[in-house]
1. Could you count how many residues in the range 450-476 are over 26 Å from Ser513 (Cα atoms) and surrounded by 19 or more Cβ atoms within 10 Å (Cβ to Cβ)?
2. Looking at (1) surrounded by fewer than 16 Cβ atoms within 10 Å (Cβ to Cβ); (2) at pLDDT 85 or above, which one does Lys83 not meet, given that it meets all the others?
3. Could you tell me how many of the residues in the range 166-192 are over 15 Å from Val92 (Cβ atoms) and among the hydrophobic types (A, V, I, L, M, F, W, C)?
4. Name, by its number, the condition in (1) modelled with pLDDT under 90; (2) surrounded by 15 or more Cβ atoms within 10 Å (Cβ to Cβ); (3) farther than 19 Å from Glu363 by Cβ that does not hold for Pro419.
5. With a cut-off of at least 2 residues that are over 16 Å from Ala418 (Cα atoms) and among the charged types (D, E, K, R), name the helices (runs of 4 or more DSSP H) lying wholly within the range 433-491.
6. Out of all the residues in the range 371-392, which are β-branched (Val, Ile, Thr) and more than 23 Å from Leu263 (Cβ to Cβ)?
7. Select, from Ile395, Ile369, Ile379, the only residue that is in the same structural domain as Leu417 (by TED's automatic domain parsing), surrounded by 14 or more Cβ atoms within 10 Å (Cβ to Cβ) and within 26 Å of Ile511 (Cα to Cα).
8. Being of a type in the set (D, E, K, R) and farther than 19 Å from Leu335 by Cα, is that true of even one residue in the range 443-453?
Amino acid sequence: MMKLPPADKGKSVSLELSEKSSLSKTGFTRTSVFKGSKFSSVATDKIMLADISDPQEAIAYAKVLRMEPPSTIIPGLKTQKIKTHEGKTILVVDDESSILKFMESSLAAAGFRNIKTASNGKNALKALGLIPQDSGKTVDSDIELVVLDVILPDTNGFEICKLIRQSNCDIPVILISGHDIEEIQNKLIECGADDFLEKPFSRAELFTRVKLLMNRKRKSHHDASPEEPTTLKFKMNHNIPFIGDNINGYIIIEPLGWGKNSLVYKVMDTDTKKIFSLKMLSRSSIENKGTVERFKNEVEIMSRIKHPNIVEFIDSGYHNKCPYLVMEHVAGVDLEEYLVTRNKVPLITFGHIAHDIASAISELHRNKIYHRDIKLKNILYDIKSEKAKLSDFGIAKLPESLGTTQEGFVVGTPIYLAPEIFMGEPATAQSDIYSYGATLYHLITGSPPFVADTSIGLFKKHKLEKPPSISSIRTDLPEEWNTLIVEKCLAKNPLDRPASMYDTQLEIERITSFQKENKVIKFAGNS
């Protein structure tokens, strides 16, 4: 007989095996370790696992025993009876054919006979009856569960999941991704996914999740009253704002994005009908004191500063105990997204952005505020107005709190950090100037000044190495830009950097003025 003790997610538990257990034939010792079990104890002497050669896979299969009677077959298990799931249609969506075949064969071996597959979002939506077939007709979908990859060639799994939920359909959805669940938990909540599998996963894990959701759906249909709307159940379960919800006078139009701790929405003021962006901490984040303090810090800084190149603060408050801030809506993209959609940033555009952000940082420094996380992701660019705006002040420092950072604690994004910040020195105007220089370098060359596998490796490069000349990568760039960015802003010694951000701004104005006078930018539109 084997026993699998109860365990909390993420903790290790022992799987104790008797001397007679067939698992001993696979090379197990009497006690093997299994991490991450979230199920209760199981004891059975009717399931033989002799055919499983991989110890970790065998333990994963042991999880499944909690879901089915001993007579039910699991792939790789020798049992007396195969239970088929006639009439249960599952849609599996993934653009990698090997993963698609793996999931299809795994579910088929587990007794599921009706399996449909799709390699992109469009075909998935057709199979679900949410968009017409090529013939122009919409099918009546018989699908009872969807296993859906997050990354697809024409869309993403989050968007498809949201469309399923918006159609008032209660089909269970399992999202699969190579990302850790901690990285995408807010997106999972927002789109309404029922479960999540992190790649790589075993046959047993896939079957377990599918069977669990099938049973849950069957039970919910039995227990729920016929008139109970699915969307209402979803709202009650997740308790997060939805499109159309009113947050203290701001109507949610659409979600704009998710972070590790917050959600961002496009909203409309019910009085003025103006469009804004609303950023709110997620329910799971408000228990974290540090996260809440950083959010309050961002609200405080944004409410103090008014500048054309800094995202404007509008309002703040609480909704269901979650703090939020309302800010100017920038109809554009962040520079990280802007860069990946273009092979080359035009020189004239680069000059505009460099000046706009220098002006914004100069205003912060004039108020003795240091941003501490200047990077492409935190700069928004409105392509139509050609204006750049600095955003995200969560870890910026107010003058009254400059001495409160724990000694030796490094904050910021490592690929843009000044060498002295890596060593635990406090933020200064010069450390912001370094991060600004690293950001400009990344924007104009397409790559950050230094790349390494670890933060320690990055620190060594920031401290000891000089990045390649910008002019060697962008031959259309005047040498003055290389001098300002590489020789001055990215100087190792803070004393060798520009004395202030305002001086940097003036230098940019001189360079761009020279470009115009000498028609250096005549080819910029083709860059």
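1. Residues flagged as over 26 Å from Ser513 (Cα atoms) and surrounded by 19 or more Cβ atoms within 10 Å (Cβ to Cβ) within the range 450-476 amount to 5.
2. Status for Lys83: all satisfied but (2).
3. Residues in the range 166-192 being over 15 Å from Val92 (Cβ atoms) and among the hydrophobic types (A, V, I, L, M, F, W, C): 6 in total.
4. Among (1) modelled with pLDDT under 90; (2) surrounded by 15 or more Cβ atoms within 10 Å (Cβ to Cβ); (3) farther than 19 Å from Glu363 by Cβ, the lone unmet condition for Pro419 is (1).
5. Where helices (runs of 4 or more DSSP H) fall fully within the range 433-491 and carry at least 2 residues being over 16 Å from Ala418 (Cα atoms) and among the charged types (D, E, K, R), they are 479-482.
6. Residues satisfying the conditions are Ile374, Ile383.
7. Within the list Ile395, Ile369, Ile379, the selection yields Ile379.
8. yes
The values are calculated or read from the model by the stated rules, or taken from the named source; none is laboratory data. Small disclaimer: the values here were computed from a predicted structure and weren't measured. Methodologically, a virtual Cβ is constructed for each residue, glycine included, from the backbone with ideal geometry; neighbour enumeration extends over all protein chains shown.
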